[in-house]
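Here the structure comes first, spelled out in structure tokens, and everything after it is commentary.
The values are calculated or read from the model by the stated rules, or taken from the named source; none is laboratory data. Bear in mind that the values here come from a model prediction, so they are computed numbers and not experimental data. Glycine gets a Cβ as well: all are built from the backbone with ideal geometry, and neighbour counts include every protein chain shown. Side chains are part of the model used for accessible areas, which takes the heavy atoms of the whole protein and leaves out ligands, DNA and RNA. Shrake-Rupley method; radii C 1.70, N 1.55, O 1.52, S 1.80 Å.
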Amino acid sequence: FYNRANVAILSASSSSSSSTKNEMSLRWEISLLWPSPWEPHVLLTGTSKLTFDVKDDDSITILSQTDHLDNGGKSKTDIYSALSNQLLPRFWDLYHIGMTPAAEKSPLLPPSKASAGFLAPYELYELPPRLYCTTTLPSSKREYREADVIPNHAFVTAIKTMGPNKQTYTPVSPIQVSINRVKEPKDEGGGGSKNEIEWNIPLSPQFTCNPTLPLPSLSKKRGETCTYKYNPSSKLIATVPYNKSVQDEDISSVRKTLYDAVIKDGLKPKISDVDGRPKFFVFQNDVKACFTKDGMGMAVYEWRPDFAKGNVVGIELEM
């Protein structure tokens, strides 16, 4: 039925309740290429709990299985709720349909505990546990706009988009970008701190379904890193629309407005261990990171007018 399907197991934990009965909890992601004219990429995330027996001959019998969808409504099993906002065509995907396929959007879930205040100027979301490509680069002058593009040392491969060997790939969005204060390594003098740009790029199940995940070649430049990082816990965030970059001067006033609003509603921002400041970030919806089974091989940057406010500024909150 589906044009393409990939399943990735992100984490697993097991426990024994008796000598023969065992329990296992899994976190998984399923990526589907839906068979409609615009071929939307559908992403389902959730958990499963298995109860099984292990026989003397090491054969395994599954006794029960309970599945929960992260975006499956109150019952956690409503597949329509999980699919409904992913099957309809999105304007910017159609507008740029000649550039890339429709993007696989990282889930933004309704908060399970907290709630926004009445007429709050921000939106409140919960991010499920996911696997990310985390890439860093030392931050220099604001006018260099280094945070606008994914750095070269984050890419693993190249994607062939034309010709007889044309590859299928999955664009993912949004890309999370932040400028953080980090401690200087001892070999740089130690004791101080510096600014560092960090990209958190969600990994598509088309890539994470592989048994091993290749990393890019190690950069020889100081401060340039790239690794895969699993965030095992959900995150609570508040966001407001934004039409510019993380390095624009206007972002300071947007951050202050967002901070004041969440404080007014009794929400508690998460604080950095290095400089004691709130953890702000930008979701770049106008950037698509493209994955094949070999890894990330391309980034596509879309044009969007300023009035569309396609990106968002966010702040991480205590759960």
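Classify the stretch 224-319 as rounded, prolate or oblate, taking a ≥ b ≥ c as the square roots of the eigenvalues of its Cα gyration tensor: rounded when a/c is under 1.5, otherwise prolate if a/b is larger than b/c and oblate if not. Note, shape of the stretch 224-319 comes out oblate. Restricted to Cα atoms, the stretch 116-225 shows a radius of gyration and a Dmax of 17.8, 56 angstrom. Here the relative contact order of the chain, from alpha carbon pairs under 8 Å that lie six or more residues apart, stands at 18 percent. Note on D250 and V54: the extension gain reaches 64.5 nm, defined as 0.36 nm multiplied by sequence separation minus the Cα-Cα distance.
Holding the Cα-Cα limit at 22 Å, pick out from K235/K270; K55/K76; K141/K221 the pairs that are longer than that. As for pairs spanning more than 22 Å Cα to Cα, those are K55/K76.
Ordering V177, T292, A114 by the projection of their Cα atoms onto the charge dipole of the chain, which places +1 on the Cβ of Lys and Arg and -1 on the Cβ of Asp and Glu, puts V177 at the extreme positive end. Round to the nearest 0.05 the FRET efficiency obtained for S75 and W303 when R0 = 35 Å and r is the Cβ-Cβ distance. E(calc), rounded to 0.05, equals 0.30.
To the nearest 10, the accessible area of Y125 is 60 Å² with a 1.4 Å probe.
The separation of the stretch 116-177 from the stretch 264-306, counted between C-alpha centres, amounts to 7 Å. For the stretch 1-82, the set of trypsin sites (Lys or Arg not before Pro) satisfying both a DSSP loop assignment and a count of at most 12 other C-beta atoms within 10 Å is given as K55, K74.
Of all aspartates and glutamates in the structure, those lying under 13 Å Cα to Cα from K113, and not within fewer than 8 positions of it along the same chain, are E126, E318. Give, as a single signed number, the net charge of other residues whose beta carbon lies under 15 Å from the beta carbon of A158, with Lys and Arg counted +1 and Asp and Glu -1. Once all neighbours under 15 Å are counted, the net charge is +2. Here the 3J(HN,Hα) profile of the stretch 160-169, calculated from phi with Karplus coefficients 6.51, -1.76 and 1.60 at θ = phi - 60°, is 8, 9, 9, x, x, 9, 4, 9, 7, 8 Hz, Gly and Pro shown as x.
From its DSSP helices (H runs of at least four residues, each -39,500 (n - 2.57)), the chain gives a residue-normalised ellipticity at 222 nm of -2500 deg cm²/dmol.
For the chain, the longest principal axis of the C-alpha atoms and the axis of helix 251-264 are separated by about 60°. Rounded, prolate or oblate, given the Cα gyration tensor of the chain, with a/c below 1.5 counting as rounded? Rounded, because the longest to shortest axis ratio a/c is under 1.5. What does the C-alpha gyration tensor say about the overall shape of the stretch 72-126? Classify as rounded when a/c is under 1.5, otherwise prolate if a/b is larger than b/c, or oblate. In terms of gyration-tensor shape, oblate.
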